[in-house]
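Here's the structure we're looking at; comments come further down.
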Amino acid sequence: MRKQLIAAAIGAGVALASPAVFAQQDLNFDEYRAMLEDGNPAELYEMEGEELWKTARGPKNATLEQCDLGLGPGVVQGAAAQLPRYFADADKVQDLETRLMYCMEKQQGIDPAEIVNGKFLQGERRQMAALVAYVVGQSKGEKIAVDLSHPKMKEMYALGEQAFYYRTGAMDFACSSCHSQDGKRIRATQLPNITKPEGAAAGWGSWPAYRVSNSQFWTMQHRLWDCFRQQRTAEPIFASDVTIALSVFMAGKGNGAEAQWPGVKR
Amino acid sequence: MNSAFALRSALLSAAIVGLAACGKKEEPAKVEAPAPAVQAPAPVADDLQPKVEEMMLASFKANGIASLDRQKQDAVQKACSSPTQPDAETMKRLEAAEMATIQWPSDGNYTGGDWKEGQKIAASGRGLTWTDKTPDNNGGGCYNCHAMDPNEVSEGTIGVSLEGYAKLRGTSEEVIKYTWGKLWNAKAYNACSDMPRNGYGGILTEAQIRHVMAYLFDPQSPVNQ
């Protein structure tokens with residue numbers, strides 16, 4: 001089953017890699033997505049993440065089974081749908097990745113700097129992506145339910161909204177340049193209108209996702225990092241306030257809609 | 001419809017004014033910046049603004065050509081960072097300042113570029129990210145936002161369609177100058193335009209802009225077929 005999925009994923013990657021085909025495929029992506037529904041290659045990462053969750057690792061040689069993702073130690077079911085949230089123990093608003101990083105530090109003794117200063121798809125960040133896949137997999141079909149009542153959540157939401165409209169960089173773009181109108185496209189790629197609840201839910205609720213164009217599994221931190229790259233800003237720091245603020249803004253606006261985790265994307 | 005037409009004519013005369021003022025550069029200096037300046041009609045408390053600015057700096061690090069300078073806003077970026085654009089007077093003031101930055105071709109050659117080169121520049125969305133090595137030789141990314149060649153199916157829709165550009169709008173001096181100005185600094189005509197400032201922002205060189213102009217105006221260009 002593993003092998004078959006990988007083969008399918010690689011095949012899809014190759015087919016989409018040629019630019020001419022790419023455009024056509026992209027326009028028919030819904031069909032393509034339906035085709036993949038029974039075998040989202042992200043499932044491989046979910047399985048790997050589940051194993052990792054239960055594996056004793058790090059200087060403290062501990063598992064993550066006592067990690068509190070917001071619903072109590074060890075509760076994974078439904079946790080992703082309620083993130084980001086304010087955590088009293090850390091006195092911080094944390095998204096899923098930041099929370100996992102916190103648990104890895106506290107329980108396993110893994111230095112967060114390894115993740116913050118690392119690279120996507122490599123080392124501890126790669127492990128983290130598998131853990132993310134596992135955790136969101138346990139919120140499949142759940143409705144986004146982010147609690148905005150804590151003052152720090154309110155502030156993060158407001159900061160995220162401001163950041164969303166914050167024009168900067170070599171091309172004067174803000175997130176809003178690409179994501180504030182209905183039915184717009186960059187080339188053939190559809191852009192969700194994140195200023196509306198449906199668009200925010202579509203954007204927030206379909207990442208992390210498996211990307212068929214490059215056969216990679218990307219978390220939301222990775223997605224945002226790449227949007228900032230396209231926006232021509234400097235490089236956002238992993239788990240920095242701006243990434244949390246934008247996440248709270250999108251998740252909060254998308255509240256109540258069903259998430260599609262983990263997604264399948266071009 | 002009428003107002004759109006009026007606006008367009010106003011824009012065109014603005015372009016010509018800009019042209020006349022070219023070289024003197026006194027125009028923005030004359031425009032006095034009123035004290036209350038740009039009020040951000042943001043839905044958020046004012047005391048959040050310093051926090052936002054601080055976050056937009058502290059959450060980033062320099063990487064390659066993408067330095068932390070990119071996190072600081074200039075006047076236009078600052079004024080256009082909320083869901084509602086500034087009042088008409090502020091817009092006009094900003095546009096006048098942007099207009100003064102436009103460099104018109106020194107030899108009067110607006111459209112004599114090579115449309116085939118222009119096509120490549122229009123199609124390429126590369127350049128200026130932290131993974132790009134040099135700030136030269138960037139694409140214009142026009143197809144990310146505009147339809148241009150009617151035979152190209154993979155075109156973005158953030159900007160208006162430019163299909164048949166010269167066929168539909170003609171090649172009068174006004175249209176040509178306006179287009180050059182728009183490519184050099186789109187914010188001179190609409191301070192909060194989503195279109196990048198290609199010339200002013202150092203995205204495209206003068207020669208590259210001339211190639212893109214040829215792509216829009218050359219009768220042989222696929223844009224005009």
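Using a/c under 1.5 as the rounded threshold, could you call chain A rounded, prolate or oblate? The axes a ≥ b ≥ c are square roots of the C-alpha gyration tensor eigenvalues, and prolate needs a/b larger than b/c, oblate otherwise.
Numbers: a/c = 1.59, a/b = 1.13, b/c = 1.41.
The shape class here is oblate.
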For region A:99-123, list residues with backbone N below 15 Å from a point placed 7 Å from the Cα of A:ALA56 toward its Cβ? A:107-109
A correct Karplus calculation of ³J(HN,Hα) over region A:123-139, with 6.51 cos²θ - 1.76 cosθ + 1.60, θ = phi - 60°, whole Hz and x for Gly and Pro, returns x, 5, 5, 5, 4, 4, 4, 5, 4, 4, 4, 4, 5, 5, x, 8, 10
Partnerless cysteines (no other Cys beta carbon under 4.7 Å) identified across chain A are A:CYS175, A:CYS178, A:CYS227
Neighbours of A:ASP111 by Cβ distance under 14 Å: Lys/Arg at +1, Asp/Glu at -1, summed charge +1
Where does each of A:SER206, A:SER247 land when they are ranked from fewest to most other beta-carbon atoms within 10 angstrom? A:SER206, A:SER247
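From Cα pairs below 8 angstrom and at least 6 apart in sequence, can you work out the relative contact order of region B:80-197, rounded to a whole percent?
Numbers: 134 pairs, mean separation 33.8, N = 118.
In percent, rounded to a whole number, it is 29.
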Amide H to amide H under 5 Å from A:ARG85: which residues, 5+ apart in sequence or cross-chain, H placed 1.01 Å off N in plane? A:GLN94
Alpha-carbon centroid distance for the pair region A:199-266 / region B:161-207, whole angstrom: 33
Please identify, among A:PRO84, A:PRO236, A:PRO151, the residue showing maximal mean-square fluctuation in a Gaussian network model of chain A using a 10 angstrom Cα cutoff. A:PRO151
Pop out the ³J(HN,Hα) list for region B:49-60 in order, Karplus 6.51 cos²θ - 1.76 cosθ + 1.60 with θ = phi - 60°, rounded to Hz; leave Gly and Pro as x. 3, x, 5, 5, 4, 5, 5, 5, 9, 5, 7, 10
Amide H neighbours of A:ARG211 at under 5 Å, excluding residues fewer than 5 places away on the same chain, with H built from the backbone geometry, are A:GLN216, A:PHE217, A:TRP218, A:LYS265
The answer for B:PHE60, listing residues at least 5 apart or on another chain whose modeled amide H is closer than 5 Å to its amide H, is A:ILE237
Per-residue HN-Hα couplings for region B:155-171, Karplus 6.51 cos²θ - 1.76 cosθ + 1.60 at θ = phi - 60°, whole Hz, x for Gly and Pro? 10, x, 10, 5, x, 5, 6, 10, 4, x, 3, 6, 4, 7, 9, x, 10
Number of Lys pairs in region A:151-265 with C-alpha atoms less than 26 angstrom apart, excluding same-chain neighbours closer than eight positions? 10
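Read the figures in this text as sums done on the coordinates, not as results from a lab. Computed from a prediction, not measured in an experiment: that's the story for all the values here. So basically every Cβ, Gly included, is an ideal-geometry build from the backbone, and we count neighbours across all protein chains shown.
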